[in-house]
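Novice: My questions will all concern the structure given below.
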Amino acid sequence: MSSKIVTLPNALTVFRMLTIPIFVSLLFYQRFGWALVAFVMAGVTDGLDGLLARRFGQQSQLGTILDPIADKLMLVTAFVVLSMHGVFPRPLPKHLPIPFWVTVSVLSRDVFIVVGAAAINIMTGFRGFRPSWLGKTSTTVQIVSIALIIFAAKFPRGSSYYLPTVYTSVFALAVLSGIHYLFFVSRLFNQDRPSS
């Protein structure tokens, strides 16, 4: 693992973080087409920075920290902003904005994981957290869902057929991956507890 800071993958990660205020501005000015382009570009750079880091051996300590932060910042920002009524034109399209309970489930899961990871690191020194397949699936569904929601804001016709399923899927996977993480944490504590 390199300690270099200035690498192409890190530059792409920083670029992704810099697109967040642009993305939010586009949503507030109801430029949904361009907002979707910005979101897709962020997703492309997310895949590209990991690919380049592995291809050219430019994995770095900074990159392992910044990359998930950039991903979560983009997703959390998107869910919060797209939950606001003022972002969408009047009259409000059906099933928009994102229901409050969907956004709360996403935020609660992320806060729970961050706080849990920090607590375990303090108590046991364990740092080897890796996303589970359920966590990865949940994140992937969230990314696709944001793209579909922005698409629905731009082209509301027919969105009532798929948006309820999108919301239910995001909520269910957030809850399931959170429960799965809770079992992982419990098992970790049980392994760390000294046997009597």
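Here, each number is a calculation from the coordinates, and none is a lab measurement. Quantities reported herein were computed from a predicted structural model and do not represent experimental measurements. Here the Cβ is made from the backbone with ideal geometry for all residues, glycine too, and neighbour counts use every protein chain on show.
Novice: What trypsin sites (Lys or Arg not before Pro) does segment 50-115 have in DSSP loop regions with at most 10 other beta carbons within 10 Å?
Specialist: Nothing satisfies the criteria.
Novice: Something else: Looking at segment 24-90, which chymotrypsin sites (Phe, Trp or Tyr not before Pro) are in a loop (DSSP not H, G, I, E or B) and have at most 13 other Cβ atoms within 10 Å? Walk me through the numbers on the way to the answer.
Specialist: Numbers: sites: PHE28, TYR29, PHE32, TRP34, PHE39, PHE56, PHE79; in loops: TYR29, PHE56.
Filter output for segment 24-90: TYR29, PHE56.
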